[in-house]
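The values are calculated or read from the model by the stated rules, or taken from the named source; none is laboratory data. As the structure is a prediction and not an experimental result, all values here were calculated from the model. Methodologically, a virtual Cβ is constructed for each residue, glycine included, from the backbone with ideal geometry; neighbour enumeration extends over all protein chains shown. We work out accessible area using only protein heavy atoms, side chains counted, and drop any ligands, DNA or RNA first. Shrake-Rupley method; radii C 1.70, N 1.55, O 1.52, S 1.80 Å.
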Amino acid sequence: MKEIIISLILRILIASPLFYIGISGWAGFASPFLVLAGGIILARPFASLLAEPFGKLFWSGERFDRPQPMYGIPQSKRAKGLYEESMAGFAKIAKDYPNEVQPYIEMIDIAIINLKNPERANRIFQDGISALSKDEDKEALAKVYSAIRTRLNSKPSN
């Protein structure tokens, strides 16, 4: 952004005499062409100055140093009833991406909802708490674990 502003200031210094001569009419029939030349000189940095903030609305410019985790395969295995294969997929994601909360949440959900195994869910929760480095991630995992555990003893209402 700083480079754009410096470029704009330098180009204003160059374009200002063209604008002055063109608007004052000293150049006669060439006056509109001098104004046009001044506008062309200013166009690129001015457009960059406007486009950069608006462009971030659509393209954040954020880059990842490696591919993001693929949750689709273990989720599809869960949907097909292949719970152990799904757990293995989420465990691999948790191993490969140690700061991700989502694989632990998914494994806890499978252990409680599908496998009805609260002991396994507790082990997964403990593994997640020890693996996660951020306190807010640990708190989020604890909240979700507590919420999912309440579903273990709930009975469907008729």
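Annotations
- The range 57-143: chymotrypsin sites (Phe, Trp or Tyr not before Pro) in DSSP loop, at most 12 other beta carbons within 10 Å: F58, W59, F64
- Lys/Arg +1, Asp/Glu -1 at C-beta; the range 51-116 dipole; positive extreme among G72, I93, L82: L82
- 3J(HN,Hα) along the range 46-54, derived from phi through the Karplus expression 6.51 cos²θ - 1.76 cosθ + 1.60 where θ = phi - 60°, amounts to 5, 5, 5, 4, 7, 6, 4, x, 6 Hz, with x in place of Gly and Pro.
- For the range 19-80, the C-alpha radius of gyration sits at 2.45 times the compact-globule guess of 2.2 N^0.38 Å, with N the residue count.
- Label separation (Q126 vs I5): 5.6 nm, computed from points 7 Å beyond Cα along the C-beta direction.
- Helix-only CD estimate at 222 nm, as mean residue ellipticity for the chain, using -39500 (n - 2.57) per DSSP H run (n ≥ 4): -22500 deg cm²/dmol
- Alpha-carbon Debye profile of the chain, log10 I(q)/I(0) at 0.09, 0.11 Å⁻¹: -0.54, -0.61
- Charged side chains reduced to their Cβ positions (Lys and Arg at +1, Asp and Glu at -1) give the chain a dipole of some 360 debye around its Cα centre.
- Karplus-derived 3J(HN,Hα) values for the range 65-82, using 6.51 cos²θ - 1.76 cosθ + 1.60 with θ = phi - 60°, are 7, 7, x, 7, x, 9, 8, x, 5, x, 5, 5, 5, 5, 5, 8, x, 8 Hz; glycine and proline are entered as x.
- Residue-wise HN-Hα coupling along the range 111-126, computed from phi with Karplus coefficients 6.51, -1.76, 1.60 (Hz; x: Gly, Pro): 4, 8, 6, 8, 9, 6, 10, x, 5, 5, 4, 5, 4, 5, 4, 4
- Largest to smallest principal axis extent of the C-alpha atoms in the range 69-144, angstrom: 34, 26, 15
- Rounded percent of accessible protein surface that carbon and sulfur make up, the range 5-158, 1.4 Å probe: 62 percent
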